[in-house]
1. Across segment 312-331, what is the number of residues that are touching a Phe, Trp or Tyr at 6+ places or on another chain (Cβ under 6 Å) and within 16 Å of ligand 2 (Cβ to nearest atom)?
2. Run LYS204 past the list (1) part of a helix (DSSP H, G or I); (2) of a type in the set (Lys, Arg); (3) crowded, with 19+ Cβ neighbours inside 10 Å and report the number of the one that doesn't hold.
3. Spot the failing condition for GLN192; the list is (1) at negative phi; (2) of a type outside the set (Val, Ile, Thr); (3) touching a Leu at 6+ places or on another chain (Cβ under 7 Å), and only one is missed.
4. Residue under question is GLY224, and the condition is that it be among the small types (Gly, Ala, Ser), part of a loop (DSSP other than H, G, I, E, B) and either within 16 Å of ligand 2 (Cβ to nearest atom) or more than 20 Å from the chain's Cα centre (by Cα) (or both); does it hold?
5. Just to check your reading of the model, which residue among LYS164, LYS128 is of a type in the set (D, E, K, R) and surrounded by fewer than 18 Cβ atoms within 10 Å (Cβ to Cβ)?
6. Anything in segment 331-368 that is farther than 23 Å from ASN117 by Cα, out of contact with any helix residue (DSSP H, G or I) (no Cβ under 9 Å at 6 or more places or on another chain) and surrounded by fewer than 16 Cβ atoms within 10 Å (Cβ to Cβ)? List them, or say none.
Amino acid sequence: MKIAELELRTISLPLVRPFRTSFGTQIAREVLILKLTTDDGTVGWSECVALPQPLYSPEYVAGALDLMRRFLIPTLFQAGDIRAESVAPLLAPFLGSPMAKAALESALLDAQLRLENRSLADFLGASKAKIPCGVSVGIAPSIPLLIEEVSGYIADGYRRIKLKIEPGWDIDPVGEVRRTWPEIPLQVDANQAYSRGDGELLAKLDQFELLLIEQPLDEHDILGHALLAKQVHTPICLDESITSLRSAEDALALKATTVINIKPGRVGGYLEAVKIHNLCLNSGIPVWCGGMLETGIGRAANVALAALPGFTLPGDTSASSRFYHQDITEPFVMEDGYLAVPQSVGIGRVPHLDFLDSVTSHKETIRI
Ligand code: OSB
Ligand code: MG
């Protein structure tokens, strides 16, 4: 298979409500959508999960676009005959930027699977036809407004609630949600907002029987997470710190994490994500599929990944309506708290082109 053409576009989709985290507030999703065409005319789609600003990770939309244009795409063009499995090794000399690399690998994988008439779920090794859904809830303007927002998600059928926390928005809001819904599976995500000295404070969350505390400390502070794990009974789960199979091996060996959030973009693609899943499955470490406010394109692939046997916790794999009034693909609609795993060829979704065009702010085509 040879890549003949890559179309890169930036689209902007308004969110149904602002999404506030410890690193900033998103009001729209500005996202890079890739359309790859092979020399025989097969098309593959993907989404780059980098955010517009380098606040969650060092990558950002304009940077990813520049990197792809300048280095990554020319390298793939030069390689000639390739498969999705060749992308990571070919791009490895360019340091970092797993999200940009993942987007290219995913677009090629979608095309490859369409050519082979095979679904991504089947290719990755999915063992479930539907997956239970969790929802990530941003920092709210007040505790009553938080309770109101969570009530809506519970009514929608979500099977797990994740609350974003930061210093000053932790014990009280989490306690109020726990008191209101004593039985709901509940977890929190700090996006690196705490420091090593916060062990005593974070241990106060133990009383709420949370599934886990996600990424309390700096992404590079593996030792800090290991020390914190001795002070806090609630399991520590790493997100930002896990950027590859090797970093997952290291964090597990150092006892910095006992649960892992797998985000394909953060680890360089679905192939690396499966390797981390396999490691965790063999080590008895539960994993769940993280999210990056994906459109239907990225969401479709995440839902396939979340159907693998080691994904034993509900992920941030919400319905399209959690973030968007209108998705760029046929929407993901939750039924009784579950999403059906796409079974058709490739990722199982394609964008609605008229709508995609209507939200596109930039489009360029790179040909060999
Ligand atoms: O830390 O999991 C995170 C969104 C953007 C960046 C980082 C994170 C998130 C979320 C939302 O929590 C997950 C979702 O897509 O539902
Ligand atoms: Mg997170």
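1. Total satisfying the criteria: 2.
2. Unmet for LYS204, out of (1) part of a helix (DSSP H, G or I); (2) of a type in the set (Lys, Arg); (3) crowded, with 19+ Cβ neighbours inside 10 Å: (3).
3. The one condition GLN192 does not meet is (1).
4. Numbers: among the small types (Gly, Ala, Ser): yes; part of a loop (DSSP other than H, G, I, E, B): no; either within 16 Å of ligand 2 (Cβ to nearest atom) or more than 20 Å from the chain's Cα centre (by Cα) (or both): yes.
When the stated conditions are applied, GLY224 does not pass them.
5. Values: LYS164 fails: surrounded by fewer than 18 Cβ atoms within 10 Å (Cβ to Cβ).
The unique qualifying residue is LYS128.
6. Of the residues in segment 331-368, the ones farther than 23 Å from ASN117 by Cα are 333-338, 354-368.
Checking the rest, the ones that are also out of contact with any helix residue (DSSP H, G or I) (no Cβ under 9 Å at 6 or more places or on another chain) come to 335-336, 338, 354-361, 365.
Selection gives GLU335, ASP336, ASP354, PHE355, ASP357, SER358, THR360, SER361, THR365.
Every read-out reported here was derived from the displayed coordinates using simple, explicitly stated rules and does not represent laboratory data. Since the structure is predicted, the reported quantities are computational estimates derived from the model, not experimental observations. A quick note on method: Cβ atoms are made from the backbone with ideal geometry, for glycine too, and the neighbour counts reach across all protein chains shown.
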